[in-house]
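The values are calculated or read from the model by the stated rules, or taken from the named source; none is laboratory data. Just so it is clear, the model here is predicted, and its values are computed rather than measured. Reconstructed Cβ throughout: ideal geometry from the backbone, glycine too, with neighbour counts over all protein chains shown. Please note that ligands, DNA and RNA were not included when accessible areas were found on the heavy atoms of the full protein model with its side chains. Shrake-Rupley method; radii C 1.70, N 1.55, O 1.52, S 1.80 Å.
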Amino acid sequence: QVQLVESGGGLVQPGGSLRLSCAASGSIYFINTMGWYRQSPGKQREMVATATSGGSTHYADSVKGRFTISRDVAKNTVYLQMNSLKPEDTAVYYCNADKVTIMGAWSNEYNYWGQGTQVTVFS
C-alpha cells in the first residue's frame, strides 16, 4: 500500500557530502514521522535522524552538526543532507515512515521501510 523509494547514495571521500532523498507513495493520508536509519555490517540498525510533521527533529549524537534532515510534508518526502562525511558513516541508509495513516484505514497507524541505499566513505 505504501512504498518508500530512496535515492542519492554513493561513494564519497572523507569530508565530502551527499544528499539522500526518500519519497513515499501509495494510499497515504498522513505521515507523522519520517526518518533515516543506517546499518553497517555486523551492527544493529541505528537511528540517524527523524523529523515529525510538526517540524521537530532528532539526531544521533554521532551526526549532530554534520547531517541535516528536512521534510516536504505535502509531498511525503524526506531528505538527509550529509556533510563532513567520515569513514564510520559508511552503511546502508534506510528511510522510515512511522505512524502512517492509510486512506480508508483511519483507526490504524503503520510503519514502513525503504529498501536502503548504500553510502560508502573511503580514503
Residue 16: open to solvent by less than 50 Å² (accessible area, probe 1.4 Å), assigned to a loop (DSSP other than H, G, I, E, B), of a type outside the set (A, V, I, L, M) and within 14 Å of residue 90 (Cβ to Cβ), yes or no? yes
Among the residues of the stretch 1-40, how many are of a type outside the set (A, V, I, L, M, F, W, C) and more than 14 Å from residue 117 (Cα to Cα)? 13
Taking residue 55, is it at positive phi, free of Cβ contacts under 8 Å to residues at least 24 places away in the same chain, open to solvent by 60 Å² or more (accessible area, probe 1.4 Å) and not in a strand (DSSP E or B)? no
Determine whether residue 50 is out of contact with any Cys (no Cβ under 9 Å at 6 or more places or on another chain), in a strand (DSSP E or B), open to solvent by less than 50 Å² (accessible area, probe 1.4 Å) and touching a residue at least 60 places away in the same chain (Cβ under 8 Å). no
Taking the criterion of being outside any strand (DSSP E or B) and either among the polar types (S, T, N, Q) or open to solvent by less than 50 Å² (accessible area, probe 1.4 Å) (or both), would at least one residue in the stretch 73-80 satisfy it? yes
Those residues that are in a loop (DSSP other than H, G, I, E, B) and out of contact with any Lys or Arg (no Cβ under 9 Å at 6 or more places or on another chain), I need them from the stretch 19-45; list them, please. 27, 40, 41, 42, 43, 44
Residues satisfying the stated conditions in the stretch 19-30, i.e. over 14 Å from residue 75 (Cβ atoms) and open to solvent by less than 60 Å² (accessible area, probe 1.4 Å): 20, 27
Any chance the stretch 58-72 includes a residue that's in a strand (DSSP E or B) and out of contact with any strand residue (DSSP E or B) (no Cβ under 6 Å at 6 or more places or on another chain)? yes
When residue 7 is evaluated against the numbered criteria (1) touching a residue at least 40 places away in the same chain (Cβ under 8 Å); (2) surrounded by 15 or more Cβ atoms within 10 Å (Cβ to Cβ); (3) not aromatic (Phe, Trp, Tyr), which criterion, by number, is the only one it fails? (2)
